[in-house]
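Here is the structure we will look at, set down as structure tokens.
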Amino acid sequence: MYRPHPFSWVPGAEQRHATIDDRPPGGWRDGETVTTLCDLSIQAKTSELAWLWDTCPDCNAAAHVLAQCPMPPAAGAR
């Protein structure tokens with residue numbers, strides 16, 4: 001399976017998290033345990049609404065490091 005970065009996104013614990021766990025074909029099933037880049041073990045949530053949750057800031061920062069893509073400046077920063 002094509003994976004442009006060494007991480008994948010998965011909603012759980014009421015946020016979207018990033019993980020380096022191997023993503024199963026078709027994605028994680030509801031309730032599967034996933035270890036996140038912010039060092040949590042979460043239960044995956046597969047609802048469409050879950051993908052609209054806020055992104056975990058710690059996972060976002062770690063994902064940017066893994067992608068070798070700097071974080072954009074914070075809103076209002078100069």
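No lab work stands behind these numbers, since they all come straight from the coordinates. Every value quoted in this text rests on a predicted model; they were computed, and no experiment measured them. Glycine gets a Cβ as well: all are built from the backbone with ideal geometry, and neighbour counts include every protein chain shown.
Please give me, ordered by residue number, the chymotrypsin sites (Phe, Trp or Tyr not before Pro) of the chain that lie in loop per DSSP and have at most 14 other Cβ atoms within 10 Å. Counting only loop positions with at most 14 other Cβ atoms within 10 Å, the chymotrypsin sites (Phe, Trp or Tyr not before Pro) in the chain are Tyr2. Under the simplified labelling scheme, the Ser41-Glu14 pair shows an inter-label distance of 2.2 nm, with each label point 7 Å from Cα along Cα→Cβ.
When a/c reaches 1.5 or more, the comparison of a/b and b/c decides; with that in mind, is the stretch 19-62 rounded, prolate or oblate per its Cα gyration tensor? It is oblate, given that a/c is not under 1.5 and a/b is not larger than b/c.
Axis angle, to the nearest 10 degrees, between helix 57-66 and the longest C-alpha principal axis of the chain: 80 degrees.
How long are the three semi-axes of the equivalent ellipsoid of the chain, in whole Å, if each is the root of 5 times an eigenvalue of the C-alpha gyration tensor, listed from largest down? It would help to have the intermediate numbers written out before the result.
Working: eigenvalues 99, 46, 23 Å².
Semi-axes from the Cα gyration tensor: 22, 15, 11 Å.
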